[in-house]
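The values are calculated or read from the model by the stated rules, or taken from the named source; none is laboratory data. Keep in mind the model is a prediction, meaning the values are calculated, not measured. Using ideal geometry, Cβ is built from the backbone for each residue, glycine included, and neighbour counts are taken over all protein chains shown.
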Amino acid sequence: MAIIQTENLSYVYSEGTPFRKTAIDNINISIEEGEFVGIIGHTGSGKSTLVQHLNGLLKPTSGRVLFNGQDINSSKEFTRTVRFSVGLCFQYPEYQLFESTVYRDIAFGPKNMGLSEKEIEEHVLKAADFVGLKKEMLNKSPFDLSGGEKRRVAIAGVIAMEPKVLILDEPTAGLDPQGRDTISDMIDNYRISTGSTVIVVSHSMEDVAKNASKVLVMNRGKVEFFTGVKEVFSNYERLVEIGLNVPQITGIFIDLKSRGYDVRTDIYTVAEAKKELVRLFRERGALK
C-alpha cells in the first residue's frame with residue numbers, strides 16, 4: 001500500500017476573486033514506502049503547492065491526500081500526527097532558524113512531539129550526527145554558522161522527528177557545488193539507512209538523475225510525467241518544450257549521437273558516461 005497518495009487533488013488560490021489561480025489541478029499520484037521521488041517543473045508549475053498538501057499545511061480545494069490509506073484532513077488530531085510523520089523542510093530553511101542555540105533549534109520538533117528530555121537529547125544527537133554536525137557546535141548560535149552548516153541544522157531539525165516521509169523543497173538551492181553534493185549525498189544516505197520515503201523538489205536535473213528512483217514532472221499545475229528516471233529523461237524534447245532540460249551529461253551524449261557517434265543517450269551520471277565512453281573507445285581501438 002502506498003504511504004502517500006493523492007486522489008483528484010486540486011488547489012485554487014484566491015477563490016472568488018479576480019486573482020483566482022488554479023495552482024494544482026486533479027493530481028493523482030501514489031508514492032510507495034522507501035521510494036526516492038524527485039519533483040521537477042518550471043517556476044509556477046505547482047511543485048511547492050503540491051508538497052505543502054502532503055503534510056496538511058495546505059487543505060485541498062477538492063480531492064484528498066492519504067497517509068497510509070487515511071485522509072490526512074479527516075480530523076485535526078490526525079493532521080497533527082501526520083505533520084510529525086511527514087516532515088517538510090522548506091526552501092532556504094536556514095531563514096527559519098530562530099532559537100538561541102543549534103541544540104534548541106534541532107530539539108524544537110521533538111519537543112513538540114511531547115518526548116521526554118532524555119528522548120529529545122537522543123533525537124537531537126542522532127540527527128546532528130547524521131548531518132555531520134559536531135557535538136561542540138550544538139551550543140553555538142545557529143547565526144554564527146556558515147550557510148551550508150545552517151542548512152544542515154535546519155534539515156536536522158526535521159530529521160530529529162524521525163519522519164516516515166522526508167520532504168525537502170530545493171534543499172541545495174544557493175549552495176556551491178561542493179555544498180550541493182554534500183547535502184545531496186546526505187539525503188540519499190538518510191533514505192538508505194532509515195528506509196524512509198524521500199521526496200525532493202529540485203531544479204537540479206543532475207541531483208534528480210543521480211538519486212531519484214522516480215521523477216514527477218509538473219507542468220502548469222498538472223502531472224506531465226510520473227515514472228522512472230530513464231523514462232522521464234528519454235522524453236527530452238518534451239521536457240525542453242515545457243521549459244525544462246535534461247542533465248548536462250545527457251545533453252552531451254545527445255549531441256554526440258546527433259554528430260554520428262554510436263552512443264547511448266540514456267546517460268544521466270558521470271559514472272554511466274565513463275562506462276559508455278570506455279566502450280566507444282574500445283570499439284574504435286583507442287583503448288585496449
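Given the condition basic (Lys, Arg), modelled with pLDDT under 90 and either touching a strand residue (DSSP E or B) at 6+ places or on another chain (Cβ under 8 Å) or surrounded by 16 or more Cβ atoms within 10 Å (Cβ to Cβ) (or both), answer yes or no: does some residue in region 130-148 qualify? Let's see the steps before the verdict.
Looking only at region 130-148, we keep the residues that are basic (Lys, Arg), and these are 134-135, 140.
Retained after the next criterion (residues that are modelled with pLDDT under 90): 134-135.
Now narrow it down to the ones that are either touching a strand residue (DSSP E or B) at 6+ places or on another chain (Cβ under 8 Å) or surrounded by 16 or more Cβ atoms within 10 Å (Cβ to Cβ) (or both): none.
No, region 130-148 contains no residue that is basic (Lys, Arg), modelled with pLDDT under 90 and either touching a strand residue (DSSP E or B) at 6+ places or on another chain (Cβ under 8 Å) or surrounded by 16 or more Cβ atoms within 10 Å (Cβ to Cβ) (or both).
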Problem - Flag if residue 166 is buried (at least 19 other Cβ atoms within 10 Å of the Cβ) and not in a helix (DSSP H, G or I) - result: yes
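How about region 235-262: which of its residues are in contact (Cβ under 8 Å) with a residue 60 or more places away in the chain, surrounded by fewer than 18 Cβ atoms within 10 Å (Cβ to Cβ) and under 24 Å from residue 30 (Cα atoms)? So that I can check it myself, show each step before the final result.
Taking region 235-262 as the starting set, the residues that turn out to be in contact (Cβ under 8 Å) with a residue 60 or more places away in the chain are 242-244.
Next, from what is left, pick out any that are surrounded by fewer than 18 Cβ atoms within 10 Å (Cβ to Cβ): 242-243.
Matches in region 235-262: 242 only.
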Completion exercise
Residue pairs within 7 Å by beta carbon, gap of at least six or interchain, first lying in region 42-69 and at negative phi and outside the structural domain of residue 31 (by TED's automatic domain parsing), second among the aromatic types (Phe, Trp, Tyr) and in a loop (DSSP other than H, G, I, E, B), listed first then second, are none
Exercise for the section: Could you look through region 263-288, keep only residues that are loosely packed, with under 11 Cβ neighbours inside 10 Å and of a type in the set (D, E, K, R), and pick out the one that is modelled with the highest pLDDT? Expected result: 283
Practice task
Filter region 84-107 for residues that are β-branched (Val, Ile, Thr), outside any helix (DSSP H, G or I) and under 22 Å from residue 198 (Cα atoms) and give the result.
Solution key: 86
Handout entry: Whichever residue in region 242-256 is assigned to a helix (DSSP H, G or I) and more than 13 Å from residue 208 (Cβ to Cβ) and, among such residues, is farthest from the chain's Cα centre (by Cα)
Key = 256
Handout entry: Hits in region 150-195 - residues which are closer than 26 Å to residue 115 by Cα and of a type in the set (D, E, K, R)
Key = 150, 151, 152, 162, 164, 191
Problem - Single residue of 140, 150, 118, 164 found to be among the basic types (Lys, Arg) and in contact (Cβ under 8 Å) with a residue 60 or more places away in the chain - result: 164
Practice task
Scan region 257-288 residue by residue and report those that are of a type in the set (Phe, Trp, Tyr) and more than 26 Å from the chain's Cα centre (by Cα).
Solution key: 261, 281
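When you go through 223, 232, 200 one by one, which is the residue that is under 24 Å from residue 93 (Cβ atoms) and crowded, with 19+ Cβ neighbours inside 10 Å?
Values: 223 fails: under 24 Å from residue 93 (Cβ atoms); 232 fails: under 24 Å from residue 93 (Cβ atoms).
Step by step, each of 223, 232, 200 is checked, and only 200 is under 24 Å from residue 93 (Cβ atoms) and crowded, with 19+ Cβ neighbours inside 10 Å.
Inside region 1-51, counting only strands (runs of 3 or more DSSP E) that do not spill past its ends, which hold 2 or more residues that are under 14 Å from residue 62 (Cα atoms) and β-branched (Val, Ile, Thr)? Before you say what the answer is, go through the steps one by one.
Details: elements: 4-13, 21-27, 36-41.
Once the strands (runs of 3 or more DSSP E) in region 1-51 are filtered for at least 2 residues that are under 14 Å from residue 62 (Cα atoms) and β-branched (Val, Ile, Thr), what remains is 4-13, 21-27.
When region 1-59 is examined, which residues are found to be of a type in the set (D, E, K, R) and either out of contact with any Gly (no Cβ under 8 Å at 6 or more places or on another chain) or surrounded by fewer than 20 Cβ atoms within 10 Å (Cβ to Cβ) (or both)? Break it down stepwise before answering.
Looking only at region 1-59, we keep the residues that are of a type in the set (D, E, K, R), and these are 7, 15, 20-21, 25, 32-33, 35, 47, 59.
7, 15, 20, 21, 25, 32, 33, 35, 59 - these are the residues of region 1-59 that are of a type in the set (D, E, K, R) and either out of contact with any Gly (no Cβ under 8 Å at 6 or more places or on another chain) or surrounded by fewer than 20 Cβ atoms within 10 Å (Cβ to Cβ) (or both).
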